[in-house]
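I have a structure I would like to understand better, so I am pasting it below and will then ask my questions one at a time.
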Amino acid sequence: MTILVTGATGNVGRNVVEQLVKRGADVRALVRDPSKGDFPGSVSVVQGDLLDVDSLRSAFTGVSTLFLLNGVVADECTQALIALNLAREAKIERIVYLSVIHSDVYVNVPHFAGKYGVERMIEQMGLSATILRPAYFMDNDVTIKDIIGSYGIYPMPIGNKGLAMIDARDVGEIAAIELIRREQSSTPLPLNRINLVGPDTLTGAGAAAIWTDVLGHQIAYPGDDTAGVEQNLRAFMPSWMALDMRLMAERFQMDGMVPDAGDVDRLTNLLGRPLRSYRDYAAQIAA
């Protein structure tokens, strides 16, 4: 049978597709622009959009398992709800949904609250699904590496509670493992949630210290100016998204993204190897 991956051209989605192909799965990738679908030859690429009902109905035909990933967009929640309703219509009984850790805590942050609404739908409609709840992606920091190197600061206002940052490659591999597990089960499996976290819980000062070691010169953490970050982000993203990011940073400072007991061990056992560390990721993107 066929596993459909949405968001397949993004950072996580590409890793999911790669890991599924490595495991011999029959993979279909849903993309808005097929020219961006540079996948292995065994992957079937279908054009569609999560707000285009007809294209989704076509893409879902013959699919047994769905990986649902929605980007942070203004209508993210609507996209997810439409996709899940159409998946149920198509009798897809095996689903892996990419949510976010503490979606039920960061209740004022739009893209967290939207994902929590989708989780509630999955639960209340009795859909057979794994809900993956990743913490902050290490990969976000590739966008600030030049600032770190040129200005000697770690600019993300992540506070001092700590974030258990995770590498998107680990997210993709764990998602693939769960998709295969559900795909190969003779009957639909019950709902479960998995927190996706990295091996270390980092503060702003801690991240700066790692960059200091990696680069060999002092990197400072200038503090928790979320208003300044919002203003800077408005230069290259919509104002609503910049505010969303500011609100998220404020919850980083208030609540952190700290793993539950046993999360790291669970993921290590699932992967059969250690989780990738932030230090290794920083060294990689600095090279």
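Read-outs: derived from the displayed coordinates by stated rules, not from any lab. Computed from a predicted model, the values in this text were never measured in an experiment. Methodologically, a virtual Cβ is constructed for each residue, glycine included, from the backbone with ideal geometry; neighbour enumeration extends over all protein chains shown.
Expressed in nm to one decimal, what extension gain is obtained for the pair Lys36 and Gln231 from 0.36 nm per residue of sequence separation less their Cα-Cα distance?
Numbers: separation 195, 0.36 × 195 = 70.20 nm, distance 3.12 nm.
Result: 67.1 nm gained on full extension.
R0 = 35 Å: FRET efficiency of Met125 with Gln284, Cβ-based, nearest 0.05?
Between Met125 and Gln284 the formula returns 0.30.
Ratio of segment 5-62's C-alpha Rg to 2.2 N^0.38 Å, to two decimals? List each step's numbers first, then the result.
Details: Rg = 10.8 Å, N = 58, 2.2 N^0.38 = 10.3 Å.
After normalising by residue count via 2.2 N^0.38 Å, the value is 1.05.
Roughly speaking, what % of Cα-Cα pairs in segment 218-287 are separated by over 18 Å, rounded to a whole number?
63
Find the all-direction average of the projected area of the Cα convex hull for segment 71-191, expressing the result in square nanometres with one decimal place.
Dividing the Cα hull surface by four gives the mean projection, 8.9 nm².
Sticking with this one: Calculate, in nm to one decimal, what Asn11 and Ser185 gain on full extension: separation in residues at 0.36 nm each, minus their alpha carbon distance.
This chain segment gains 59.9 nm when fully extended.
Could you give me the percent of Cα pairs per 10 Å distance bin for the chain, shortest bin first, beginning at zero and ending with the bin that holds the maximum distance?
Reading upward from the zero bin: 6, 28, 35, 23, 7, 1.
Considering only DSSP beta bridges whose two residues both sit in the chain, what percent are antiparallel, to the nearest 5? All intermediate terms of the calculation are to be shown ahead of the outcome.
Working: 1 of 29 bridges.
Antiparallel bridges: around 5 percent, rounded to the nearest 5.
Calculate, axis by axis, the spread of Cα positions in segment 111-175 along the three principal axes, and write the results as whole Å, longest axis first.
51, 25, 19
How big is the equivalent ellipsoid of segment 156-265 along its three axes, where each semi-axis is √(5λ) from the Cα gyration tensor, reported in whole Å from largest to smallest?
32, 19, 13
Something else: Could you work out which residue, out of Ile166, Ile147, Ile219, moves most in a Gaussian network model of the chain, that is, has the largest mean-square fluctuation with Cα springs under 10 Å?
In this elastic network of the chain, the residue with the biggest mean-square fluctuation among Ile166, Ile147, Ile219 is Ile147.
Taking all pairs of different Cα atoms in segment 1-150, averaging 1/r and flipping that mean, what Kirkwood radius in angstroms comes out?
About 16.1 Å for segment 1-150.
Hey, what number do you get for the chain at 222 nm if only DSSP H runs of n ≥ 4 count, each worth -39500 (n - 2.57), divided across all residues, to the nearest 500?
Values: 11 runs with 128 residues, N = 287.
Calculated mean residue ellipticity at 222 nm is -13500 deg cm²/dmol.
For the chain, what does the relative contact order come out to in percent, with C-alpha contacts under 8 Å and a separation of six or more? Walk me through the numbers on the way to the answer.
On the way: 531 pairs, mean separation 53.4, N = 287.
Averaging sequence separation for qualifying contacts and normalising by length gives 19 percent for the chain.
Identify all lysines with a Cα-Cα distance to Lys22 below 28 Å; exclude those on the same chain that are fewer than 8 residues away in sequence.
Here the lysines satisfying the reach criterion relative to Lys22 are Lys36, Lys91.
Enter the per residue convex hull volume of segment 26-113, computed from alpha-carbon coordinates, in Å³ rounded to the nearest integer.
110
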